[in-house]
Amino acid sequence: MPLFHPRRDSRAVHFEWLGTTLIGRTPIGRVTIQVLALNDPDARALREALIEADLFSPESPCSASWSTMVMSIMIDLTGKSALVTGASRGIGAEVARTLHRAGALVLLNHPDEPTKDDAEAIALDLNQSRPGSASTLLADVADPEAVWAMMAEAKVRCGGLDILVNNAGILRDRSVAKMSLEEWDAVIGVNLSGVFHACKFGLEVLRDGGAIVNMGSLSASAGFHGQANYAAAKAGVHALTRVLSKECARRSIRVNAVAPGVIDTPLMAGVAESVRLGMVEAIPLRRFGKAEEVADAVLFLCSDLASYINGHVLEVNGGWRG
């Protein structure tokens, strides 16, 4: 049975889909139902749900006719397996939730024991709605042996992967003069080498026709102060994405990247209010992005709607060009 959030305005006569919203029209008004989860819409089940909600009466003269018009385009990842690195919090966690809502079986990677509880809590929550559809994998993506073992385990659990989202990343911001060699190596190790490791070993278990989405950044082109390591790593991710898109094309594996701007995640909590205001002023949409908006872009690139998009870096930044 589909899940709905009904809002009662009037009795309905004719129903039609508008995006993910079902509109029921009558001579005196309309009723709007927001669809939260819907696979293969069934008019009879929907009719019964409306009757239960007292939004549709089969005896009412106003509801003598019943018809539906499917107008939405839905992304259905049912039967596909996805691995998301750095999925214990922030954007990665939201990407995992979004792919799961679209029907995918999701593997949530986390880097160490301190992040284990967060990852397992998300998997537990996802399994409440669909038992056995989410699990966690421990691996520091900067460690090639750990990534190889993670991919081998993914093959054991799922038989292979259809989607790989390389989201894991860290920050060690400091000016070049003050940046230690360890801080440089740590960020390059996770944010760039980690993507290389996951793609290299992931391609051994990724099925033909699959999709890879790498997490880039506005920082790659904007050159923010104090982010030499981060910007260099993300610029490398953009370049690696374009190279891989050509190398993987013979297997019909598409490789793209999403480059977020300033996204309102827990990481932003430590940024001074004056700095936040300055950032907002630089964004034409005058607000920070949401993790869900980045996740939606990832979902699109993983779907058949993006079947002819390859080697592209999709900016999700509210129009900010740095």
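Things to note:
- Among the listed pairs K155/K290; K178/K290; K80/K200, those beyond 25 Å (Cα-Cα): K155/K290; K178/K290
- Inter-probe distance in nm under a simple model that places probes 7 Å from Cα toward Cβ, at L305 and Q128: 2.7
- Counted residue by residue at 0.36 nm each, then reduced by the alpha carbon distance between them, the extension gain from E292 to E113 reaches 61.9 nm.
- Applying 0.36 nm per residue to the separation of V271 and R157 and subtracting their alpha-carbon distance, the gain on full extension is 37.0 nm.
- Fewest-first ordering of D162, D112 by other beta carbons within 10 Å of each residue's beta carbon gives D112, D162.
- Across the stretch 72-133, Cα pairs under 8 Å and at least six residues apart give a relative contact order of 34 percent.
- Extended-chain gain in nm, criterion 0.36 nm per residue less alpha-carbon gap, W148 and A177: 6.9 nm
We did not get these values from a lab; they are worked out from the coordinates using the rules stated. Quantities reported herein were computed from a predicted structural model and do not represent experimental measurements. Here Cβ is always computed from backbone atoms with ideal geometry, including for glycine, and neighbour counts include all displayed protein chains.
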